[in-house]
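Participant: Handing you this structure, nothing more for now.
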Amino acid sequence: MTETTVISRRKAFGALAATGVAAASGHTPAAAQGAGATVTLLLVNDIYKMSEDKGRGGFARLSGIVKEERAKGTPMIYFHAGDTFSPSLMSGFDQGEHIVELTNMAPPDVFVPGNHEFDFGKDVYFKRFKQSKFPYFAANMRQADGSPLPDHKDNAMFERAGYKIGVFGVALPYTDQLSTPGDIKFLPTMDTVRAQVKLLRDQGADIIVCCAHTDREEDNAIVKSKLVDVLLTGHDHDLAVGFDGKTVMVESNEEGNYVTAVDLALSSRTVDGKRVVSWSPSFRINDSRNATPDPETLAVVKKYEGELSKELDVDLGVTSVPLDSTTISVRTRETAIGNLFADAIKASTGAEAAIVNGGGIRANKQYTAGQKLTRRDILTELPFGNVTVMIELKGSDLKAALENGVSLYEARAGRFAQVSGIKYEFDPKLPVGQRVTSVSVNGAPLDPAKSYKVAANEYILAGGDGYTSLGKGKMLIGLTDGKLMANEVMVYIRKLGTVTSQVEGRITIK
């Protein structure tokens, strides 16, 4: 693969990405004296789908890249920055077991659990952990009593080409807001970074690598601290390469579309009797479109896809309008597909209004008018296995829920609210908690004192994505009598026959 200049899509990383362009173009620190060596750090993150999509991504191409990199003979450490057990179509059936099998076929040297590793609960997480043939790193994950998790690593020292590469892992500190890790504790990121860097430096590490599943704000804090030499990260799904002359930061997009290699040129010299190590990075972006799929992995993928097709390739209806479930759309604005899903759970429960968190809509694709919708489509869009619920909620708490939905608008957070029976207007320039400027329910202005029947899914009812105000309502349909949201959407589409959902002014951005 050729060396590539990469720019992040996130403005928050713009300045750092610009320095990454310079580094990738060959503007690296002055060459060090003495004999040198090269060590490759290879990164993948956020891969959910088994198969390639339009000739890119998927586990077979990922395995092909990893095996090709290892065959080069350059000392290497392969990192996986997490988010893979869920959400995927097959995971809805086997809770991520097939993902572990596929990852085991080209196992990483370092795996950091992402928030999606806990989507099926703590017990399932440990089942998958025991099936894994690769080590888990997370220095900020602890049991309820504060002790380390069994057989998990905080850090390790990798000897490569005569150099000591100190590695530690950091999991997303607010995993409990996004998933269901039970009583597992997640310690603050920067406290963990400071402690781990000191420990590894004291042990003689020449290079410090932090592999993290953290959002961009925390990534930037790690980089600005100048404590680590290399940050390999996941969670934001960016293709991002940065080097500010002191710290490297890399993220490898999503779905195995791109797999980033950081080649560290290392050298050492003796100064006043002490060994001094110097290094400089260069970057190679492995575009999976150019990769040769690993035959062994591909055979397993095809086996699973064959099993899925028997169950899922069943037509439900046809859409007469385009539908857009791309991540950027469902997390930032009203969408026809968000309206469709919210309408479905509103109808199935008999609620006056419904809220669907945009982050629960996962296929990241576009449907053309006239396209048939299948069970596969809906289960790909709604893979989490959430149950529909209904609560009786005061208007003030409903408004608080909508405020929560737009509280992280700039970050394109999954809490963004797609709605039914509701119209709301918000101004992202206003302070958090004061952004929603008007709300109506079924055509009437929201009454803060009035109670409304609101449909949602079990995840946000339990406070997921920050929806704590929903928990203040009276339960009308709970987990024991609720129905699988994906099934309710499929029933709704069958009844419609033809989907005509459109963007109609339910959400207005000032």
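Read the figures in this text as sums done on the coordinates, not as results from a lab. The structure presented is a predicted model; accordingly, all values stated were derived computationally and were not measured. Reconstructed Cβ throughout: ideal geometry from the backbone, glycine too, with neighbour counts over all protein chains shown.
Participant: Considering only the stretch 11-303, what is the antiparallel percent among its DSSP beta bridges, to the nearest 5?
Facilitator: Values: 37 of 61 bridges.
For the stretch 11-303, the DSSP antiparallel bridge percentage is about 60.
Participant: How many nm separate the modelled label positions at S438 and K164, each set 7 Å beyond the Cα in the direction of the Cβ?
Facilitator: 6.5 nm
Participant: Another one. Only four residue types carry charge here, +1 at the Cβ of Lys and Arg and -1 at the Cβ of Asp and Glu. Report the dipole size of the stretch 313-509 about the Cα centre in Debye, rounded to the nearest 20. Mind showing how you got there, number by number?
Facilitator: Values: 23 positive and 20 negative charges, 10 e Å.
Once rounded to the nearest 20, the dipole reads 40 debye.
Participant: Given axes a ≥ b ≥ c from the Cα gyration tensor, I'd like to know whether the stretch 312-385 is rounded (a/c under 1.5), prolate (a/b larger than b/c) or oblate. The partial results should precede the final answer.
Facilitator: Details: a/c = 1.44, a/b = 1.19, b/c = 1.21.
Taking the square roots of the gyration eigenvalues as a ≥ b ≥ c, the stretch 312-385 is rounded.
Participant: On to the next question. Relative contact order of the stretch 11-303, please, whole-number percent, based on alpha carbon pairs below 8 angstrom and at least 6 residues apart. Write out the running numbers ahead of the final one.
Facilitator: Numbers: 685 pairs, mean separation 79.7, N = 293.
It comes to 27 percent, rounded to a whole number.
Participant: Still on this model: What is the stretch 372-456's relative contact order, in percent, from Cα pairs under 8 angstrom and six or more apart in sequence? Show your work: numbers first, answer last.
Facilitator: On the way: 102 pairs, mean separation 31.9, N = 85.
Once divided by the residue count of the stretch 372-456, the mean separation gives 38 percent.
Participant: Now for a separate question. Evaluate the charge dipole of the chain about its Cα centre and quote only its size in Debye, nearest 20, assuming +1 on the Cβ of each Lys and Arg and -1 on the Cβ of each Asp and Glu. Let's see the in-between values first.
Facilitator: On the way: 59 positive and 62 negative charges, 111 e Å.
Value, rounded to 20: 540 debye.
Participant: Further question: Could you tell me the calculated FRET efficiency between N290 and T498, based on Cβ-Cβ distance and R0 = 41 angstrom, to the nearest 0.05?
Facilitator: Efficiency for this residue pair is about 0.50.
Participant: Starting from the Cα gyration tensor of the chain, take the square roots of the eigenvalues, sort them a ≥ b ≥ c, and report rounded, prolate or oblate (rounded when a/c is under 1.5, otherwise prolate if a/b is larger than b/c, else oblate). Numbers along the way, then the final one.
Facilitator: Details: a/c = 2.00, a/b = 1.69, b/c = 1.19.
It is prolate, given that a/c is not under 1.5 and a/b is the larger ratio.
Participant: At what distance in nm do the modelled label points of V491 and A462 sit from each other, each positioned 7 Å from its Cα along Cα→Cβ?
Facilitator: Distance between the two pseudo-spin positions: 2.2 nm.
Participant: Before anything else, pin down the relative contact order of the chain: Cα pairs under 8 Å, at least 6 apart, normalised by residue count, whole percent. Can you show the working numbers first?
Facilitator: Details: 1226 pairs, mean separation 82.3, N = 510.
RCO, the chain: 16 percent.
Participant: If you plug each phi of the stretch 491-505 into the Karplus form 6.51 cos²θ - 1.76 cosθ + 1.60 with θ = phi - 60°, what whole-Hz ³J(HN,Hα) values come out, in order, with x for Gly and Pro?
Facilitator: Each residue of the stretch 491-505 in turn: 4, 4, 5, 4, 5, 5, x, 10, 8, 10, 4, 9, 6, 9, x Hz.
Participant: Points 7 angstrom from Cα along the Cβ direction at A411 and K450: gap in nanometres?
Facilitator: 3.4 nm
Participant: Semi-axes of the equivalent ellipsoid of the stretch 313-509: what are they in whole Å, largest first, if each equals the square root of 5 times a C-alpha gyration tensor eigenvalue?
Facilitator: Numbers: eigenvalues 126, 70, 43 Å².
Output for the stretch 313-509: semi-axes of 25, 19, 15 Å.
Participant: Which number do you get for Rg(Cα) / (2.2 N^0.38 Å) in the stretch 11-303?
Facilitator: 0.96
Participant: Considering only the stretch 313-509, what is the antiparallel percent among its DSSP beta bridges, to the nearest 5? Before the final figure, lay out the partial values.
Facilitator: Details: 27 of 34 bridges.
So the antiparallel bridges amount to about 80 percent of the total.
Participant: Between the stretch 171-216 and the stretch 122-141, what's the alpha-carbon centroid distance in Å?
Facilitator: Between the Cα centre of the stretch 171-216 and that of the stretch 122-141, the gap is 15 Å.
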